[in-house]
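The structure under discussion appears below in the form of structure tokens.
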Amino acid sequence: TQANYHFDPHHEVLLVRLADQAALGIQNARLYAAARARADRLEVLNEAGRELSAEIDFDRFLGLIWRQVNRITALDGCWIALWHEAANDLELCLYVDRGERRREWERTLNFTAREGLAWAIIQERAPLRVDDYLAECRRRGLRPSGSVADRPAMPWLGLPLVVGGRTIGAMAVWRWEGRFGDEELTPLGTMAGQIAATL
């Protein structure tokens with residue numbers, strides 16, 4: 001009867017093989033999904049590069065940046081700043097928060113004010129990825145800046161804008177939840193390069 005049924009070694013071997021096949025199928029499905037996501041991001045980057053390089057109106061170009069960057073991954077905000085080396089100023093020429101352009105935050109920051117993480121990007125000339133914007137500002141002795149200055153535990157990613165080895169500015173993106181992963185850093189870094197070249 002079914003109650004007295006016992007698995008013999010032959011059944012055990014079959015079940016192990018079945019489990020191995022199921023695990024392999026799951027792994028292949030994950031690899032395919034990751035490859036598809038990478039291919040989709042590459043297509044977005046190619047399209048973004050074409051659109052960014054074709055736009056000649058500066059204000060429309062700035063609006064296009066937000067639309068294209070937001071296609072790469074889920075974001076809540078973004079800023080773009082140009083560095084004026086002689087004056088040691090950063091000019092925030094685009095500031096978007098919660099999908100809306102916030103012109104009141106588009107202003108000039110001076111290095112002596114020690115405000116925000118933008119200066120860390122300019123000085124280090126490298127991406128800066130943090131899981132908590134406010135905590136990182138405190139750790140570096142900087143005053144939080146912008147509309148996100150009172151938002152705890154907010155993931156934030158800053159990237160230098162570099163052309164021909166020269167830093168011309170910086171950009172940052174953030175979201176309220178979900179740390180930035182390596183799979184996002186690479187395409188966002190590529191986008192930063194496209195933006196810098198077009199600027």
Okay, which of segment 95-121 sit inside 15 Å, backbone N to the point 7 Å along the Cα-Cβ direction of Leu185? 121
Packing-wise, with mean Cβ within 10 Å as the measure, how do 67-77, 139-149, 11-21 rank, highest first? 67-77, 139-149, 11-21
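So which trypsin sites (Lys or Arg not before Pro) in segment 92-137 end up in coil per DSSP with only 15 or fewer other C-beta atoms within 10 Å? Let's see the in-between values first.
Values: sites: Arg98, Arg101, Arg102, Arg103, Arg107, Arg114, Arg125, Arg129; in loops: Arg98, Arg102, Arg107, Arg114, Arg125.
Those satisfying the criteria are Arg98, Arg107, Arg114, Arg125.
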Counting other Cβ atoms within 10 Å, which chymotrypsin sites (Phe, Trp or Tyr not before Pro) in segment 120-199 have at most 14 and lie in a DSSP loop? Trp176
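Going by a ≥ b ≥ c, the root eigenvalues of the Cα gyration tensor, does segment 91-192 fall in the rounded group (a/c under 1.5), the prolate group (a/b larger than b/c) or the oblate group? The partial results should precede the final answer.
Details: a/c = 1.24, a/b = 1.06, b/c = 1.17.
It is rounded, given that a/c, with a ≥ b ≥ c, falls under 1.5.
Computed from the coordinates by the stated procedures, all read-outs in this text should not be read as laboratory data. Not measured: the values here are computed from a predicted model. Positions of Cβ are generated from backbone atoms using ideal geometry, with glycine treated the same way; all protein chains shown enter the neighbour counts.
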